Amino acid sequence: METISAIVLAAGKGSRMKSDRPKQFMEVAGKPLIAYSLEAFEKSAADEIVLVTGQSDIEYCEKIVRKYKVSKCTQVTAGGAVRALSVYNGIKAASGDYVLIHDGARPLVSQRLIADTIEAVEKYKAAVPVIPVKDTIRQISPDGTLMDAFDRSKLVGMQTPQAFERKSILSAYEKLISDVCDFSQITDDVMIMEKGAGLHAHPVPGEEENRKITTPEDLEWLASHI
Ligand code: CTP
Ligand code: MG
């Protein structure tokens, strides 16, 4: 039987939220934001949960794990300076055949979405939830002029959990580390898998509700959706 590790990321600073405490620890409906995704993976088919946080927040996170009875969370480990390095630390700490890498800032991930992602990774080796893009998207050049619009019908937004065979994503990371890749430009793990291993992920339907809580407006939205 193949095993699944969920890696929940909570080592960011939340600079766009402009709050005193990182956004993942802010309370929403009486619970720290990070507790919602931990509870979701606790309920799911994942076998273990690795929580990645800042060195100085490890003890605080261990308390959250105990308080919300997240029995599958056996490890709280330190993250890195950028998201990709936090993921890398999480993958090294994980032991499953597959890893599900999730932004701790996406509290409303559903059981349906987790189950579909697991099913897809077992079949295709790499899977990612995607949603249609609502706005028209353009690139802007350094001098501020707009470039051609993309064909919106061909665009999707990338969500998490992104799922991979643990050994494949680990070797993709190791390849990029030995190539001295600039990880600050890498915002998700599908990019890592493509750049480091040349492997494409299979898309599964994502959900609007699985929004990444980034700004104070997102936090207001969340409070009215819980
Ligand atoms: N993250 C992490 N380690 C980092 C940076 C980000 O574990 N060094 C995590 C965040 O905690 C979050 C997820 O990656 O759960 C997605 O990142 P993002 O929404 O960008 O969060 P922050 O980096 O914290 O926010 P900001 O970019 O506004 O500073
Ligand atoms: Mg960030």
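The values are calculated or read from the model by the stated rules, or taken from the named source; none is laboratory data. The structure presented is a predicted model; accordingly, all values stated were derived computationally and were not measured. Glycine also receives a Cβ, built like all others from the backbone with ideal geometry; neighbour counts cover every protein chain displayed.
Details
- Once region 1-35 is narrowed to residues that are of a type in the set (A, V, I, L, M) and part of a helix (DSSP H, G or I), the residue that is farthest from ligand 1 (Cβ to nearest atom) is Ala35.
- The residue list Asp189, Asp218 contains one member that is closer than 19 Å to Phe164 by Cα, within 16 Å of ligand 2 (Cβ to nearest atom) and at pLDDT 95 or above, which is Asp189.
- Residue identified as among the acidic types (Asp, Glu) and over 20 Å from Gln159 (Cα atoms) among Glu42, Glu62: Glu62
- Qualifying positions in region 171-190 - part of a helix (DSSP H, G or I) and buried (at least 18 other Cβ atoms within 10 Å of the Cβ): Ala172, Tyr173, Leu176, Phe183, Asp189, Val190
- Residues being within 10 Å of ligand 1 (Cβ to nearest atom), assigned to a loop (DSSP other than H, G, I, E, B) and closer than 16 Å to Ala45 by Cβ - total across region 87-104: 0
Residue-by-condition table, conditions (1) part of a helix (DSSP H, G or I); (2) more than 13 Å from ligand 1 (Cβ to nearest atom):
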residue	(1), (2)
Ser37	yes, no
Glu59	yes, yes
Val65	yes, yes
Ser71	no, yes
Val76	no, no
Pro107	no, no
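- Screening Glu48 with (1) buried (at least 21 other Cβ atoms within 10 Å of the Cβ); (2) closer than 22 Å to Arg166 by Cα gives one miss only, at (1).
- Hey, Ala29 of a type in the set (A, V, I, L, M), within 18 Å of Glu220 (Cα to Cα) and surrounded by fewer than 18 Cβ atoms within 10 Å (Cβ to Cβ) or not: yes
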